[in-house]
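Take a look at the structure set out below.
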Amino acid sequence: MDRRLLAACCLALVALAGCSGGAGGPTPTVDDATPTTTPTAGEGEPNETTGLGLSVGAEIEASALVAAHETALANESYVFRSGFGLPGGGRERASTVVRAEEGLFEVERFQYHPLRGEAVALYAREGREYVRFEDGPVTKTVAQPNRTAVPTGRQALVGVESLTVTDTIQRDGERRYVLTAGLDYESADRALPYRRAVVDERGLIHNYTSGEYVPPESERPTVGLLVSRWFDLSNVEATTVAEPSWLTDLRTTDSAGPVTTVVDHADLDTRFRVTGTDVEASVERLRNDAVLGSDHVDESRASPLIDLDIEGQVTNATVRVGYDPAALPGGAEEGGLAVFVYNESLQTYLPLNTSLDADANVAVASRGPPVRYSSGGGPEQTLQPTLSDPTAGRLVVAVMHTETWYSAFR
């Protein structure tokens, strides 16, 4: 490598330190820290296990390399880091993958969803994936069919036809092969595509970098190695994933439905759980709504008025609301509390069948007993209040003292 290319690579690494999305930035070529003397073409024996024929000067089909790489990873645990972006912007993602037979992998995600907040973690196992989002006091966990493939680096080599073995290095006591695009960067007079992979005898790709090399003579403002995509592997065979408590809770309550969403609002001490098809849900405090709030509501309730906003076809829903025993009307018993839901048809609140955890001051409910009513002197009808009404869209709930509510209502 002459001085021009060395200076260009240094430029690239300095630029990357400010754009990876993580402290310090990526080091996509970490495995070439101890190069050996460049061997002559033809040195090295083809690997009979992978069939790749790894030897200096050999041209390796990218599809064959990816196949050998994924075969080598099939029963391994590892940490996978990947990044996207040119200098001046970019992002990094880290994944922890455990052995396939355990059926669990973890992906740290830094991605903002306009309705759910920032995705901070994803776990997948046994055909389901569990994603956690955070947005201030609101935490949302979603269980759904597995949509995320186990990260291996395959996508980074899409569109690459072949790579050439140009060098070997020694790393961690083994020989590794350096595969590149096989282009002459030293005498380049124009921008050239850059590809570099460090591969062991099994065909396992320990790191891969792709981008563009712009020679110093170029009139472009930025020269050197401009990295657009990279990944690396570490802790192979020595990685574990601890299942966090939120994942354990969600897996325990997750049904076989397509999507289960649990929204926790810490400030309201409220949890809303829904199952259905492409369900979005949110929990907010209700403010300044004269129709839904009234004097006798305020006299009866022991929790905030909570607005449940639902999008999608809901098949099952449960709300868990914290209440304040000190807010009970004078002389009222805590056992008389229930979750009430506002019914648009009757324009009043109806009680739901409620279970109380008096130690935690929490009320839990999903549906209520049937209510018989007549509208405008017409025939008597039956209505069952529920949180799963797909036509409701918006539901307002509160923990209220039943007898106080009915006395005030009458």
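The values are calculated or read from the model by the stated rules, or taken from the named source; none is laboratory data. The structure displayed is predicted, hence computed values, not measured ones. Positions of Cβ are backbone-derived with ideal geometry, glycine not excepted, and every protein chain shown enters the neighbour counts. Surface accessibility is based on the protein's heavy atoms, side chains included, excluding ligands, DNA and RNA. Shrake-Rupley method; radii C 1.70, N 1.55, O 1.52, S 1.80 Å.
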| task | Work out the FRET efficiency for ASP357 and SER218 from their Cβ-Cβ distance, taking R0 = 60 Å, and round it to the nearest 0.05. | result | 0.30
| request: May I ask you to give the percent of accessible area on the range 222-358 that is carbon plus sulfur, with a probe radius of 1.4 Å? | output: 43 percent
| field | Gained length - GLU237 relative to ALA64, 0.36 nm times residue gap less alpha-carbon distance | value | 60.0 nm
| task | Tabulate in residue order the Karplus-calculated ³J(HN,Hα) for the range 350-355, using 6.51 cos²θ - 1.76 cosθ + 1.60 with θ = phi - 60°, rounded to whole Hz; enter x for Gly and Pro. | result | 10, x, 10, 4, 10, 10
| field | Amide H contacts under 5 Å for VAL314, placed H, 5+ residues apart | value | none
| field | Residues whose placed amide H lies under 5 Å from that of VAL56, excluding near-sequence neighbours | value | GLY42, GLU43
| query | In whole angstrom, how far apart do the alpha carbon centroids of the range 175-201 and the range 297-356 sit? | reply | 65 Å
| field | Highest average packing first - 314-322, 164-172, 285-293, 337-345, Cβ atoms within 10 Å | value | 337-345, 314-322, 164-172, 285-293
| remark: For the range 256-409, the dipole about the Cα centre with charges only on Cβ (Lys and Arg +1, Asp and Glu -1), to the nearest 20 debye, works out at 360 debye
| query | Once phi is turned into ³J(HN,Hα) by the Karplus curve 6.51 cos²θ - 1.76 cosθ + 1.60 with θ = phi - 60°, what whole-Hz value does each residue of the range 327-333 show in order, with x for glycine and proline? | reply | 8, 4, x, x, x, 7, 8
| Measuring with a 1.4 Å probe in the full set of protein chains, what accessible area per residue, in whole Å², belongs to the range 224-306? | 45 Å²
| field | Relative contact order, percent, the range 256-410 [alpha-carbon distance under 8 Å, six or more residues apart] | value | 26 percent
| said: Amide H of VAL236 versus every other amide H placed in the peptide plane: which residues, excluding those fewer than 5 positions away on the same chain, fall under 5 Å? | reply: VAL79
| query | If you plug each phi of the range 218-235 into the Karplus form 6.51 cos²θ - 1.76 cosθ + 1.60 with θ = phi - 60°, what whole-Hz ³J(HN,Hα) values come out, in order, with x for Gly and Pro? | reply | 5, 7, 5, x, 10, 10, x, 8, 9, 7, 9, 7, 7, 8, 8, 10, 8, 6
